[in-house]
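Report on one structure; see the data block that follows.
Coordinate-derived values only; no laboratory data. Every value quoted in this text rests on a predicted model; they were computed, and no experiment measured them. Here the Cβ positions follow ideal geometry from the backbone for every residue, glycine too, while neighbour counts run over all protein chains shown.
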Amino acid sequence: MFKGILTPVITVLDEHGKIDFQGNKIVIDRLIDNGMNGLLFLGSIGEFFALTMEEKKEFIQFVIKTVDKRVAVLIGTGGTVQEEVIELTQFAEKEGADGVTVISPYYFKHDDETIYRYFANVARNTSLPIMIYNFPERTAVNLEPELVLRLAKDFSNIVAIKDTVDNISHTRNLIQCIKPECPNFSILSGFDEYLLPNLLAGGDGVLCGLTNIIPEIFVDLMKGYAAKDFEKVAAAQGKISFLMKLYDVSQPFIAGIKGAVAVRGIPILPIVKEPGNKLTKEQMDVIRDHLAKIGIV
């Protein structure tokens, strides 16, 4: 159901750390105009972990109205309180979202049965399509292909996974395990530079942060792949691989991504929620240098 190039959209904030609705509209319209197949709001780059339930609900209403069915809208509803995850999922369903993305339980290292029960409880409480979000660097647990297959077979509304694992073999194993039995289950890579390996292995695309900055380059890669134009694919892949450096500019990496969007001329402030740090002048200079080296500023 969710295929191609999807963006985990940054949440634009004002100088006081509050949601900048006009800035977010500019970002949303730009991504849609540049050919994104879907938008995920309140993902990791969307700072879901730092927003209150009230902020999330207001933002969900805003983004669904702003997108206005031009592309698919996914809402990140994950968290550490299962009741709140279900509440936010049901709210997103009521407001008209096309699906939700739910990160696996984090803080404690849960076993497979606990994780299964968690996703089962969410799936039973909504009719929305659910994308599982596997991000072991943040959750301490890597979702194995057999567990994901079990969930896909047991719940018809568990339809996709974002696999944010810095090892294409894990994504390939997911594809080889799940696709023969659930061919319509979407398997997306969460690491930007794995779009091409994902496609070559039989996956469905990417859901990654650099699309906030260079959506047109990801579209070029997809067009080149479809046309079997190796030169176009190689050129786009080279730029994407080089810009992976942006993830090392700041910790967390969200500020660096926002800074790069601003450097591209989008009128936003690269502000992140506290206790995240503001970008320094030196960090902004590094971002400009990286973008200049691939010829986009």
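Net charge near A226: determine it from the other residues with C-beta under 13 Å of the C-beta of A226, scoring Lys and Arg +1 and Asp and Glu -1.
Once all neighbours under 13 Å are counted, the net charge is +2.
What size of dipole, in debye to the nearest 20, comes out for the chain about its Cα centre when the only charges are +1 on Lys and Arg C-beta atoms and -1 on Asp and Glu C-beta atoms?
540 debye
State which entries of K25/K56; K239/K293; K153/K179; K69/K273 exceed 18 angstrom in Cα-Cα distance in the structure shown.
Those over the limit are K69/K273.
Can you compute the charge dipole magnitude of the range 163-297 about its Cα centre, using +1 on each Lys and Arg Cβ and -1 on each Asp and Glu Cβ, nothing else charged? Give it in debye, rounded to the nearest 20.
That gives the range 163-297 a dipole magnitude of about 260 debye.
Roughly what would the spin-label model give for K57 and M244, points 7 Å off Cα along C-beta, in nm?
Reported label-point gap for K57 and M244 is 4.1 nm.
Work through the residues other than M53 whose Cβ is under 13 Å from its Cβ and net out their charges, Lys, Arg +1 and Asp, Glu -1.
That sum, taken over residues with Cβ under 13 Å, equals -4.
If you take the square roots of the eigenvalues of the alpha-carbon gyration tensor of the range 4-220 and sort them as a ≥ b ≥ c, do you get rounded (a/c under 1.5), prolate (a/b over b/c) or oblate?
In terms of gyration-tensor shape, oblate.
Among the lysines, which fall within straight-line cross-link reach of K281, defined as a Cα-Cα distance under 16 Å, with same-chain neighbours fewer than 8 residues apart omitted?
The qualifying lysines are K258.
Please give the calculated 222 nm ellipticity per residue for the chain, where each DSSP H segment of at least 4 residues contributes -39500 (n - 2.57) and the sum is spread over every residue; nearest 500 deg cm²/dmol?
Helix contribution divided over all residues of the chain: -14000 deg cm²/dmol.
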